[in-house]
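J.: Structure in structure tokens, see below.
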Amino acid sequence: MKKIVLLLICAACAFQIQARAQNAPAKFACISFNELLSAMPEFKKADTALAQYRNTLQQNFEAMKNEYTEQANLLTSKDTSKFTAPQLVIKRQSLNELLGKIQGFESEAGQLFNQKRSALLQPIQKKAEDAIQQVSKDNGYAFVFEKDNLHVYPPSADILPLVKKKLGII
């Protein structure tokens with residue numbers, strides 16, 4: 001009989017604890033995702049690689065523009081008298097094709113850059129998001145907001161130091 005009463009008391013206590021836990025206020029936190037990313041060494045490497053890739057695309061674009069300018073100058077100079085009429089037609093067609101290639105390269109370069117950017121940054125962003133998830137789970141945060149979108153927040157709610165520690169940045 002004593003065991004049954006003790007068991008009932010333990011069960012009642014467990015239910016009481018569970019009810020209090022469910023009624024406990026949700027914990028909120030905030031973090032600056034951009035600040036976290038910029039603190040990550042992988043992000044700095046990706047940013048450098050993107051700058052180099054952008055420079056390469058820009059150099060290719062400049063080379064095409066220079067070639068176009070040279071061909072256009074050749075067709076507008078006094079030296080055109082040494083070409084026959086069919087040769088001039090071919091050179092003008094070539095110049096128009098080069099112009100189309102330049103215009104196409106502008107949009108293609110933007111797409112290539114965005115693809116490269118996504119390929120480099122996606123794993124870094126995933127790593128940061130996973131760390132935020134783990135820190136919020138470990139510390140019982142129900143919600144984590146983007147700090148840059150908040151006007152008012154208590155400094156104690158900022159979990160950036162905890163996430164940096166989780167990632168080994170600090």
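J.: Could you tell me which helices of the chain pass both thresholds, a Cα extent of 15 Å or more along their own axis and a mean Kyte-Doolittle hydropathy of at least -0.5, with helices taken as whole DSSP H runs? Present the calculation step by step, with values, prior to reporting the outcome.
T.: Details: long enough: 2-23 (32 Å, 0.89); 41-76 (52 Å, -1.03); 85-138 (79 Å, -0.59).
Within the chain the helices that satisfy the rule are 2-23.
J.: What is the P(r) of the chain, as percent of Cα-Cα pairs per 5 Å bin from 0?
T.: Calculated P(r), rounded to whole percents: 1, 7, 10, 10, 8, 8, 7, 7, 6, 6, 6, 5, 4, 4, 3, 2, 1, 1, 1, 1, 1, 0, 0, 0.
J.: Next question, about the same structure. Which value at 222 nm does the chain reach when only helices count, each DSSP H run of 4 or more adding -39,500 (n - 2.57), with the total divided by all residues and rounded to the nearest 500 deg cm²/dmol? Could you put the intermediate results ahead of the total?
T.: Numbers: 5 runs with 127 residues, N = 170.
The per-residue figure over the chain is -26500 deg cm²/dmol.
J.: Per-residue counts of other Cβ atoms within 10 Å, averaged by peptide: what ranking do you get for 59-72, 115-128, highest first?
T.: Highest to lowest by the protection proxy: 115-128, 59-72.
J.: Once you list every other residue whose beta carbon is under 12 Å from the beta carbon of Q52, what net charge do they have if Lys and Arg are +1 and Asp and Glu are -1? It would help to have the intermediate numbers written out before the result.
T.: Values: positive: K45, R54, K116; negative: D47.
That works out to +2.
J.: Excluding Q134 itself, what net charge comes from residues whose Cβ is under 12 Å from its Cβ, given Lys and Arg +1 and Asp and Glu -1?
T.: Net local charge, Q134 excluded: +1.
J.: Let me ask something additional. Among residues other than A29 whose Cβ falls under 15 Å from its Cβ, what is the net charge (Lys/Arg +1, Asp/Glu -1)?
T.: Working: positive: K27, K137, K147, K164, K165, K166; negative: E35, E129, D138, E146, D148, D158.
Value of the local net charge: 0.
J.: Would you be so kind as to identify which of L50, M40, G168 lies farthest towards the positive end of the dipole of the chain, taking Lys and Arg as +1 and Asp and Glu as -1 on Cβ and the Cα centre as origin?
T.: G168
J.: Same structure again: Please order V135, V89 by the number of other Cβ within 10 Å, starting at the fewest.
T.: Listed from fewest to most nearby Cβ atoms, that is V89, V135.
Bear in mind that the values in this text are calculations on the coordinates, not laboratory data. Predicted model only: the values in this text are computed from it and were never measured. Counting neighbours? That spans all protein chains shown, and the Cβs are built from the backbone with ideal geometry, glycine included.
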